[in-house]
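**Q** Once you've had a glance at the structure underneath, I'll fire off some questions.
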């Protein structure tokens with residue numbers, strides 16, 4: 001999420017400390033979502049501070065239908081299926097790193113942590129429509145990066 | 001119209017039932033949308049397959065100090081507490097024995113002019129006793145008093161208040177038979193000063209209790225320093 005393990009560890013430590021301090025105020029149903037909410041907020045705060053340009057929004061204006069589905073560019077025959085390959089994971093990581101932070105957070109909460117959209121909305125304090133849009137855009141961006149490398153979708 | 005914008009939500013099962021059915025029907029007949037859904041599914045699978053990040057260091061700061069430090073700190077703290085207890089106990093004992101003997105023999109203050117006092121102890125002691133007659137509360141005694149007391153047997157030339165205290169203590173025991181006249185000593189000018197400097201005599205039980213307090217403070221400082229070192233590392 002943060003792209004730097006040192007920052008990530010700082011944020012986790014911060015978040016756990018904050019969670020411990022405000023343990024009494026926990027009144028939700030999912031402790032896991034609550035912890036992730038604290039940690040995600042801290043991570044986003046950290047990214048904002050890192051950027052030092054608070055006037056530029058982390059999340060660009062959303063419009064679901066104007067996103068571009070890039071077409072594969074002359075796939076090499078040897079790159080027909082790089083899914084599961086180490087190279088594909090590098091492409092995914094690079095693509096994730098270029099995403100707006102809140103898109104990345106939503107996508108990771110979905111695909112890595114397996115939260116439902118409603119939970120992600122709670123965690124990131126966003127509307128569920130916003131969550132849906134962020135996940136779609138983020139996943140599409142990763143897909144486009146893969147396709148640009150000659151990926152032609154999953155093998156099976 | 002292709003439901004591109006809903007494909008991710010469809011994949012995640014996050015669409016309302018009605019919309020879900022619509023997209024499902026469209027997918028059945030649309031090759032493009034089916035291919036894109038498969039790509040999104042593959043993408044999500046790749047993201048899920050990203051290697052887990054493990055913290056490179058413990059989230060609890062690693063302690064890189066010598067292993068003996070923590071036990072030493074604990075021992076110092078315990079020793080400090082024990083010294084405080086010994087201090088309290090010896091203080092209590094000393095004050096208890098003071099009050100018991102104090103009634104029988106009131107404490108005597110002696111002038112500080114030690115060389116002369118060694119010549120005519122009895123007179124000096126008697127005079128001071130007459131002038132002050134202070135039974136003496138269990139006032140704080142300097143930490144150097146034990147040594148002064150131990151050397152009190154020989155009439156050393158050190159003109160200190162502590163020495164005179166010890167001497168007067170001895171006098172009380174040795175020379176009370178020789179009833180000296182309570183005359184005002186010839187060293188009149190030194191009288192008030194001597195009274196001011198003198199400390200009420202009292203029986204001693206081992207080293208001074210204040211020595212134990214000193215030990216306690218020393219151990220406490222050691223424990224504190226070690227604790228800070230342990231915490232910052």
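**Q** Taking the simple approach of a point 7 Å from Cα along Cα-to-Cβ for both residue A:148 and residue B:218, what is their distance in nm?
**A** In this crude label model, residue A:148 to residue B:218 measures out at 7.2 nm.
**Q** With a cut-off of 19 Å, note down the residues of the range B:211-233 whose backbone N falls inside the zone around a label point 7 Å from the Cα of residue A:17 toward its beta carbon.
**A** B:228-233
**Q** What does the convex hull of the Cα atoms come to per residue for the range B:4-48, in Å³? Spell out each step's value before the answer.
**A** On the way: hull volume 2.6 nm³, N = 45.
Here the figure is 58 Å³ per residue.
**Q** Turning to a different aspect of this structure: What's the FRET efficiency of residue B:231 with residue B:1 using the Cβ-Cβ distance as r and R₀ = 56 Å, to the nearest 0.05?
**A** The formula returns an efficiency of 0.30 here.
**Q** Please give the FRET efficiency for residue B:34 paired with residue A:69, using the beta carbon to beta carbon distance and R0 = 22 Å, rounded to the nearest 0.05. Show your work: numbers first, answer last.
**A** Details: r = 14 Å, r/R0 = 0.62.
That gives a FRET efficiency of 0.95.
**Q** Other chains near A:135-146: what is the mean number of their Cβ atoms within 10 Å of each residue's Cβ?
**A** Partner-chain Cβ atoms within 10 Å, mean over residues of A:135-146: 5.
Values quoted throughout were computed directly from the atomic coordinates according to the rules given, and no laboratory measurement underlies them. As the structure is a prediction and not an experimental result, all values here were calculated from the model. Note: ideal-geometry Cβ built from the backbone for every residue, glycine included; neighbour counts use all protein chains shown.
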